[in-house]
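The values are calculated or read from the model by the stated rules, or taken from the named source; none is laboratory data. These numbers come from a predicted model, not from an experiment. Every residue, glycine as well, gets a Cβ built from its backbone with ideal geometry; the counts of neighbours run over all protein chains shown.
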Amino acid sequence: MNFSRLKKESHSGEVSSGVNSSGSESGMSGLFSLDTTSNGPTPVPVLFGFVQNHKWRNLKRALRKKKGARLCSERDSSGLYLLGIALGYGAPLDIIRLIVSVDPAQLNAVDDFGANALHIGCLNGAPFDIIKYLLRNGTTNLISDPDSDNRVPLHHAVECLCRNEIDFSEGVKVIVSLCEVAPTLIHHQDQRGDTPIDLVQIASQTIPSEGDTSYGQRLRWLYGFVREISIQVYKRRKSAWEEAGHEKVCCSDESYTSGERDDEELRNFGKKIKNKSVGTGTTAMDSMTLSEEL
């Protein structure tokens with residue numbers, strides 16, 4: 001795994017090299033090596049090595065020892081913590097649970113890039129059961145807080161699926177679970193002005209016109225799926241705007257913040273997304289009529 005992938009990737013789909021504009025190395029590029037800063041070499045937290053090598057039994061034994069809590073709380077120079085590195089390296093759910101039980105604060109902690117556990121899990125293709133665990137046990141702002149690129153976890157989940165780095169049906173379930181909780185985040189713009197639906201459109205434009213691959217078909221399905229979510233959320237927000245006594249005009253994103261997702265109608269819509277999408281496999285997705293599903 002490219003260690004810089006634990007947090008940063010460009011919108012063009014190219015992985016950040018871990019080198020900033022001045023040419024110096026960032027903290028991300030130094031993971032699992034010595035962090036060479038002006039203060040001299042700093043060893044990487046010892047438990048990170050177990051995660052890197054998928055030594056899950058060794059990690060469990062270390063965490064259950066008396067000094068386990070202290071070792072678990074260590075971070076690297078970029079603020080990356082054990083839970084974050086475990087999510088980046090595909091740790092199983094029992095490992096994620098154990099880390100959180102030893103140091104619960106990590107569930108809602110952020111690194112120096114503003115990324116919380118849900119950002120990192122979605123960015124690295126964590127499976128649905130782990131995303132579901134994070135959503136159920138984290139604070140309510142875990143899903144809505146932006147990172148330093150002003151991206152919410154939904155951005156990363158969508159782009160991970162577009163990179164074809166997670167099983168398609170599994171990735172769709174992750175996206176559905178995020179939209180179920182906070183459907184209005186489908187309109188959240190990152191620092192470049194891109195919403196999650198924009199990321200799918202960008203990825204679709206990179207597919208060669210000749211030939212029709214299954215990957216291209218899936219991207220088109222995904223674009224239609226998130227676009228339909230976007231349309232339905234927009235209609236409900238517009239309706240709420242008009243019912244509040246405002247003029248019947250299109251409500252802009254500036255009129256609503258991502259925190260205003262407690263509207264009962266939007267909550268019901270989130271549940272509808274889940275109910276209509278559960279159990280969809282690749283074959284069902286290819287033949288699905290989105291307007292009927294939503």
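Being aliphatic (A, V, I, L, M), in contact with a Leu (Cβ under 6 Å, 6 or more places away or on another chain) and surrounded by fewer than 23 Cβ atoms within 10 Å (Cβ to Cβ) narrows it down to one residue among Leu71, Leu82; which is it?
On inspection, the qualifying residue turns out to be Leu71.
Of these, Val172, Val152, which one is among the β-branched types (Val, Ile, Thr), in contact (Cβ under 8 Å) with a residue 40 or more places away in the chain, buried (at least 20 other Cβ atoms within 10 Å of the Cβ) and in contact with a Pro (Cβ under 6 Å, 6 or more places away or on another chain)?
It is Val152.
Is one or more of the residues making up region 200-222 under 15 Å from Asn150 (Cα atoms), free of Cβ contacts under 8 Å to residues at least 60 places away in the same chain and surrounded by 15 or more Cβ atoms within 10 Å (Cβ to Cβ)?
Checked region 200-222: no residue is under 15 Å from Asn150 (Cα atoms), free of Cβ contacts under 8 Å to residues at least 60 places away in the same chain and surrounded by 15 or more Cβ atoms within 10 Å (Cβ to Cβ).
Out of Leu93, Leu98, which single residue is surrounded by fewer than 17 Cβ atoms within 10 Å (Cβ to Cβ) and either modelled with pLDDT of 95 or more or of a type in the set (S, T, N, Q) (or both)?
Of Leu93, Leu98, the one residue that is surrounded by fewer than 17 Cβ atoms within 10 Å (Cβ to Cβ) and either modelled with pLDDT of 95 or more or of a type in the set (S, T, N, Q) (or both) is Leu93.
Go through Ala105, Ala69 for me and flag whichever is closer than 23 Å to Val152 by Cα, without any contact (Cβ under 8 Å) to a residue 40 or more places away in the chain and not in a loop (DSSP other than H, G, I, E, B).
After applying the criteria, what remains is Ala105.
So Val226 fits all but one of (1) part of a helix (DSSP H, G or I); (2) within 18 Å of the chain's Cα centre (by Cα); (3) loosely packed, with under 15 Cβ neighbours inside 10 Å; what number is the exception?
Of (1) part of a helix (DSSP H, G or I); (2) within 18 Å of the chain's Cα centre (by Cα); (3) loosely packed, with under 15 Cβ neighbours inside 10 Å, only one is false for Val226: (3).
Check Gly193 against each of (1) outside any loop (DSSP other than H, G, I, E, B); (2) free of Cβ contacts under 8 Å to residues at least 24 places away in the same chain; (3) of a type outside the set (Val, Ile, Thr) and name the one condition it does not meet.
Only one criterion in (1) outside any loop (DSSP other than H, G, I, E, B); (2) free of Cβ contacts under 8 Å to residues at least 24 places away in the same chain; (3) of a type outside the set (Val, Ile, Thr) is unmet by Gly193, namely (1).
Restricting to region 116-137, count the residues that are closer than 13 Å to Val152 by Cα and of a type in the set (S, T, N, Q).
1
Taking the conditions exactly as written (touching a strand residue (DSSP E or B) at 6+ places or on another chain (Cβ under 9 Å) and of a type in the set (Asp, Glu)), does Glu170 satisfy them or not?
So Glu170 fails the test.
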